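As structure tokens, the structure follows; a few thoughts come after it.
The values are calculated or read from the model by the stated rules, or taken from the named source; none is laboratory data. Source: prediction; values computed, not measured. Cβ: placed from backbone, ideal geometry, glycine included. Neighbour counts: every protein chain shown. Calculation scope for accessible area: heavy atoms of the full protein, side chains included, ligands and nucleic acids excluded. Shrake-Rupley method; radii C 1.70, N 1.55, O 1.52, S 1.80 Å.
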Amino acid sequence: PTNSRAVVGLMESLESIGERGAALEQAARHAVLLREEFDAEADTEVEACAERLRVATRPPPLRAGEAADNLPWQPTSLVGRDRERAALCRMIGDPSARLITLTGPGGTGKTRLAIDAAEQVIPRFPDGVFFVNLGILQDAALVGLTIARTIGITIEAGAGVLESLRSGLERRRCLLLLDGFETVLPAADLIAELLEGTDSLEVLVTSRAVLRLRSERVFPVPPLSVPERESALGIKELVEFGAIDLFVQRAQAADPEFQLTTENRHAVAGICAGLDGLPLAIELAAARVRLLDPSMILARLGQRFDLLQGGPRDLPERQQTLRRTFDWSYDLLPEPQQKLFRYLCVFVGGCTLEGVREVCYEGSDQEAAVLEDLASLVDNSLLRRVPTPDEPRFEMLDTIREYGMRLLADVGERTGMRLRQQFGHDR
């Protein structure tokens, strides 16, 4: 074992049968024996052979083009998300959280937060951090090919997409950011199998709906913080709220002369509270300061879906108006759950499970169906459960509820549902 030529011959024999790990162990054993028995340095011929094997064994870093990551450049700063970003960065890298799904209704800034967090953790992933846009897909069967193309993995002839991805990602320490997964939810099984077949891959997902996988850690992205309505706080206190800070920054981008003042602070606070702290809605409202002062914007929030249009051209089309953002989520629901969503909008301040059954299902005793439909709306970030000491309540953000009321009016159900809620389903 101290004969360098014999050790190299043994290492090459082990390499020929695919046992590179065992060959490297022989080199390490040889170096230890030389040091302990002869107080000598490792043999250069053995070390050269070992280095050649290390290079062959080490997977090359995955790259998109020439970069170690392909995260899209963000033209604006992330505002009001320090706490969420820190929590997300802590979660990334946790062995028990290899799959993290950022959820929330449309316009909460899931993608923006995920990209910012991914930028922070690039040093942890020597083989790359990669952004994969799934929102452009309509067919879940294309997800694997899209991932492979983005990170430069070749689908070998005769091999399936999953096998090629597993082979290409095996032993690589990289992070995939899969954006807009709600359009391709059937591909969740592919992600589960990919994680099972690799050791160090981590996946960060943004989706309006949860993937419903055992390995999934859900990270709800809440709206930005807003002050209480009719708040008497001063300007310095108000800008501590994420929603106010965002409005001011985006308003100044639209009109450099805009300032938060004693005169307009109540209107700005009212706008942010009235829009539930939703970043997209606040940005669209702030852009209107080119034409309207904050009090005029606040007075028009009753027609918010007509007011909040004309978003930046470089945003996806579904995010250029508030209405399109919610249409995107609504259109992904099956018809029975679309109907339940519309019906739930007649409840001001939320409802109980019993209220849902009586008003929306006309007293049906099919509780399993009621629970399944409610769970789908919760999973799709259109409804949220509010814990209470008694039975749970379910509620919507006011902006989402207003959207649903418009849908009720569009399909001619608004009056009938109001009567059913107020006087009982038999009237």
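Quick one: order Lys236, Lys110 from most to least accessible surface, probe 1.4 Å. Walk me through the numbers on the way to the answer.
Values: Lys236 165, Lys110 20 Å².
Order by accessible area, largest first: Lys236, Lys110.
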> To the nearest 10 square angstrom, what accessible area does Asp179 show with a 1.4 Å probe?
Replying inline: 10
> Expressed as an acute angle from 0 to 90° and rounded to the nearest 10, what is the orientation of the C-alpha long axis of helix 335-344 relative to the principal long axis of the chain?
Replying inline: 50
>> Tell me the accessible surface of His266 in square angstrom (1.4 angstrom probe, heavy atoms of protein chains only), to the nearest ten.
In response: 90
> Calculated from DSSP H runs of 4 or more alone, at -39500 (n - 2.57) each and per residue, what is the 222 nm mean residue ellipticity of the chain, nearest 500?
Replying inline: -14000 deg cm²/dmol
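Show Glu182, Glu45 ordered by accessible area, largest first, where the area counts protein heavy atoms only and the probe is 1.4 Å.
Glu45, Glu182
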> Rolling a 1.4 angstrom probe over the protein heavy atoms, how many square angstrom per residue are accessible across the chain?
Replying inline: 50
>> Rounded to two decimal places and with Rh computed the Kirkwood way over Cα pairs, what is Rg over Rh for the stretch 78-231?
In response: 1.00
> Hey, what do the phi angles of the stretch 269-278 turn into as Karplus ³J(HN,Hα) couplings, whole Hz, using 6.51/-1.76/1.60 and θ = phi - 60°, x for Gly and Pro?
Replying inline: 4, x, 4, 5, 5, x, 9, 6, x, 6
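Taking 8 Å as the Cα distance limit and 6 or more residues as the minimum spacing, I'd like the relative contact order of the chain as a percentage.
13
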> Can you list, largest first and rounded to whole Å, the semi-axes you get for the chain by taking the square root of 5 times each eigenvalue of its Cα gyration tensor?
Replying inline: 53, 27, 18
> Assigning unit charges at the beta carbon (Lys, Arg +1; Asp, Glu -1) and nothing else, what dipole magnitude in debye, to the nearest 20, does the chain show about its Cα centre?
Replying inline: 1160
> Antiparallel DSSP bridges in the chain: what percent, to the nearest 5?
Replying inline: 25
> Ranked from the most accessible area to the least, with a 1.4 Å probe and all protein chains present, what is the order of Arg149, Arg171, Arg98?
Replying inline: Arg149, Arg171, Arg98
> For the chain, which whole-number percentage of the solvent-accessible area (1.4 Å probe, protein heavy atoms only) is attributable to carbon and sulfur atoms?
Replying inline: 49
> With the Cα gyration tensor of the stretch 128-176 giving a ≥ b ≥ c as the square roots of its eigenvalues, does the rule (a/c under 1.5 for rounded; else a/b larger than b/c for prolate; else oblate) give rounded, prolate or oblate?
Replying inline: oblate
> Do you know the relative contact order of the stretch 1-51, to the nearest whole percent, from alpha carbon pairs under 8 angstrom that are 6+ apart?
Replying inline: 41
> Volume per residue, Å³, of the convex hull around the alpha-carbon atoms of the stretch 155-255?
Replying inline: 184
>> For a quick check: with amide H placed at 1.01 Å from N, whose amide H comes under 5 Å from Phe219's, ignoring anything fewer than 5 positions away on the same chain?
In response: Thr101, Leu102, Thr103
> Ignoring ligands and nucleic acids, what accessible area does Glu362 show with a 1.4 Å probe (Å², nearest 10)?
Replying inline: 100
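Using unit Cβ charges (K, R positive; D, E negative) and no other charged atoms, how large, in debye to the nearest 20, is the dipole of the stretch 75-215 about its Cα centre?
Dipole magnitude for the stretch 75-215 comes out near 440 debye.
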> Considering only Ala209, Val221, Leu307, whose Cα is most displaced toward the positive end of the charge dipole of the chain, charges sitting on Cβ of Lys, Arg (+1) and Asp, Glu (-1)?
Replying inline: Leu307
> Relative to the longest principal axis of the chain, what angle (0 to 90°, nearest 10) does the C-alpha long axis of helix 322-331 take?
Replying inline: 70
> Helix 398-410 versus the longest principal axis of the chain: what angle, 0 to 90°, nearest 10, using Cα atoms?
Replying inline: 60
> If you put +1 on each Lys and Arg Cβ and -1 on each Asp and Glu Cβ, how big is the dipole of the stretch 372-416 around its Cα centre, in Debye rounded to 20?
Replying inline: 160
> Can you give the Rg and Dmax of the stretch 275-320 based on its C-alpha atoms, in angstrom?
Replying inline: 10.3, 29
> When the chain is fully extended, how far beyond the present Cα-Cα distance does Arg323 get from Asp82, taking 0.36 nm per residue of separation?
Replying inline: 83.9 nm
